[in-house]
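Computed from the coordinates by the stated procedures, all read-outs in this text should not be read as laboratory data. Bear in mind that the values here come from a model prediction, so they are computed numbers and not experimental data. Virtual Cβ from ideal backbone geometry, glycine too; neighbours counted across all protein chains shown.
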Amino acid sequence: MLQQLVWSTEPDIERIIDTYGNMLFRICLVILCNENDAEDVVQDTFITYLTKSTTFNDSEHEKAWLITIATNRCKNMRRYNIIRKHMDINDLQLYCKDDENYGLLDNLMKLSNKHKIVLLLYYVEGYKVDEIAKILNITTSAIKKRLQRGRELIRERYRKENE
Amino acid sequence: MMDFDKIKEAVNSIEMSKTMENRLKENSNIIEKKKPGQLNYKRLISVACAFGILLSIMIGIPLFNKNGNFQGANFTITAYAWSDDGNRSNTKLLSDKATFELSTELRGITTDITGDSGHAIYTKVMLNVSGEHIDSITYTINKGKFLEDVILTAKEYADKDWLLSEKIFITMSHPDLDIYNGIKEIGNTYTVKYNEQDKYKNLITIPHDGNLAIDDDIIIKVIVKYTDGKTEQQDIVVTQESNSIESKSISLKLK
């Protein structure tokens, strides 16, 4: 019987950071709206990766695992932070290369965590509803509701801005 | 018309700086080099610790009867913890060594609504005592505080004076959902009726020295009062076994 191949028997942290660093940082920055917190969570996620020595079936499994760890830690961190002022649009410019994206990012960041995370995984990372449900450990109907509500909220803000 | 596909383009336009990337690699490489030692330790305590700061809980102060012989307490303490994936685990605090991982809620500097900032470690751990003919349990922590989550109304959330009077120093909200939460400081001691233990899902905050190191051992005194008025005491000693680099994960070891 053929043994199942594992994605990586030895963690290669340089490869992991090169492959997933920016992806995780984007997700964490949009959720936390704070550069230092986002960096802390990304760092924490990579160190968890190193110390857990989890075996992954493939790169998708590895990526989903990292996203789960990072989003859980974001939730924990936000829970005990006082409400941060929303990231100033000028600060946002430090990370965005395209001026046209500022408005959309700003609206996305103003959403609640649960809507943000689902929209990020759906539209940015390209996960399907059932895949997001597995990553976040919630039902597919909850994911659909959050997607719908998240879209409504962004549309609403977009409409108000353009009135 | 809103084009949601542009979200991808917008988010992907975010890039971390090269300095940050290098810092992440540098810190991760330090951890990787230290890994052999950590792995041995991990095997020893049978739990993964994300960063290296470990807190140990030990049942201290052995109980002796009138004849000077060792006598175990007539109650058992169970510690419930929440891991990073949101699952709850529990460990009975017996004389045998046992360890499990806690999810640390926040490490480093926190700022409360008074504008003060302090160094504190937050972790969610629920202690539960089981035994017979127990009336109440009193927990006292020598350093740090017990905390509890509270739900606030929008009016309460906006009333800073009221929040301060209620010792709710940290607040958070979900503006779009009209949900407001706070963390209420219970203090360094609280008493709970035996039959009402499930109502208390407290958090613990422990001060650190600014470098995520705990200066001295933290002792949680557990005094059990029986229905006949007699009391028994056991101490849980929380120690920091490892102080490597910044930690956002805490493990508890029980002896």
Given a Förster radius of 30 Å and the C-beta distance between residue B:142 and residue B:181 as r, what FRET efficiency does 1/(1 + (r/R0)^6) yield to the nearest 0.05? 0.60
Per-residue average of Cβ from other chains inside 10 Å of A:144-156: 1
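In this model, which of A:145/B:8; A:145/B:25; B:143/B:199; A:75/B:145; A:110/B:184; B:155/B:199 are farther than 32 Å apart at the alpha-carbon? Please list the in-between numbers first.
On the way: A:145/B:8 20 Å; A:145/B:25 38 Å; B:143/B:199 23 Å; A:75/B:145 22 Å; A:110/B:184 26 Å; B:155/B:199 25 Å.
Violating the 32 Å limit, Cα to Cα: A:145/B:25.
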Approximate spin-label separation residue B:164-residue A:109, in nm, with each point projected 7 Å along Cα-to-Cβ: 3.1 nm
Inter-label distance, nm, simple model (7 Å from Cα along the C-beta direction), residue B:189/residue B:15: 5.9 nm
